[in-house]
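No value in this document is a laboratory result; all are computed from the given coordinates. Small disclaimer: the values here were computed from a predicted structure and weren't measured. Virtual Cβ from ideal backbone geometry, glycine too; neighbours counted across all protein chains shown.
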Amino acid sequence: MKKFLSIVILAFITSLSAQAQVNDLSEQDIQAFKDRVGEVIDMFQNNLNILAGKKHSIKVKSVYKKSALKLFIGEGLPYTDPDGNNREGVQMQVSSVRNGKVVKRKTALTTYLENLIKLPYAEVNLTQADTYRISNIYKVGDHYEATATIFQRFEGYVGKDKRKKYSDVTQKNIKVYIIPENDYVLGQHWSVRLGDIEVVDTTQE
């Protein structure tokens, strides 16, 4: 618990000193972007909690899996990013601590969500620290890109008595696209889409 709180405090201090890399955004624009990105990350985290938990049926989880995919650019399928590059699909890096060593591997977002549903635990808690950091906002062509840093705790329990078998806290960086869109309902607006997610560090509790 002390390690987790230390990470949260560190994230808060870092967020105060982080400077957005922008050319033509006002402080109000920057804050609006950060607020919107935060909302999308919160929605993604809520979907993960439901997919990893054991309280809901596969049918319900299927709905939340689709909801989670809609938050990402390409919705889990191959896509062309705003820079014109063809991508095979959003990639999710996952990690665990084995014998004191952090093991990382990459997997497709769709595979990650399926594996999350099938985790072999009696109970799973997947929670996010209240403090997250959104930095490095910069303009690329007609859109903006940024990096969102989150701190996520994983706890897996086994047996009827729900004994904790494994837990860790992972720092992750999420690629963020802020893209101009136009539709009949909202008119001209900025749409936030999440991209590849990479593991920065994992600490076993």
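Points to keep in mind about this one:
- Computed P(r) (all Cα pairs; the chain; 5 Å bins; percent): 1, 7, 14, 18, 19, 17, 12, 7, 3, 1, 0, 0
- Where only C-alpha atoms are counted, convex hull volume of region 57-99 per residue in Å³: 112 Å³
- Compactness of region 23-108 as Cα Rg over 2.2 N^0.38 Å, two decimals: 1.40
- Kyte-Doolittle mean at least -1.0 and Cα axial length at least 20 Å: DSSP H helices in the chain: 2-17, 27-52
- Whole-number Å³ per residue for the convex hull built on Cα positions in region 106-200: 152 Å³
- Amide H contacts of Ile134: Thr149, each under 5 Å away and 5 or more positions distant or on a separate chain (H built 1.01 Å from N in the peptide plane; Pro and chain starts excluded).
- Under 5 Å, built H, 5+ apart or other chain: amide partners of His56: none
- Debye-sum result for region 67-136 in log10 I(q)/I(0), which assumes one identical scatterer on each alpha carbon, at q = 0.11, 0.26 Å⁻¹: -0.40, -1.25
- For region 74-88, Karplus couplings with θ = phi - 60° (6.51, -1.76, 1.60), whole Hz, Gly/Pro x: x, 6, x, 9, x, 8, 9, 6, x, 8, x, 8, 7, 10, 7
- Sites matching GluC sites (Glu not before Pro) across region 33-107 that sit in DSSP coil, with at most 15 neighbouring C-beta atoms within 10 Å: Glu88
- Pairs with C-alpha atoms separated by more than 19 Å, drawn from the list Lys66/Lys104; Lys139/Lys175; Lys55/Lys106, are Lys66/Lys104; Lys55/Lys106.
- Region 153-205: equivalent-ellipsoid semi-axes (sqrt of 5 x gyration tensor eigenvalues, Cα, Å): 39, 16, 6
- Put simply, when 166-177, 108-119 are sorted by average Cβ atoms within 10 angstrom per residue, most first, you get 166-177, 108-119.
- Bridge type composition, the chain - antiparallel percent by DSSP, nearest 5: 95 percent
- 3J(HN,Hα) from dihedral phi, region 159-175, Karplus parametrisation 6.51/-1.76/1.60, rounded to Hz, x for glycine, proline: x, 5, 8, 6, 7, 6, 9, 8, 7, 8, 10, 10, 8, 10, 9, 10, 6
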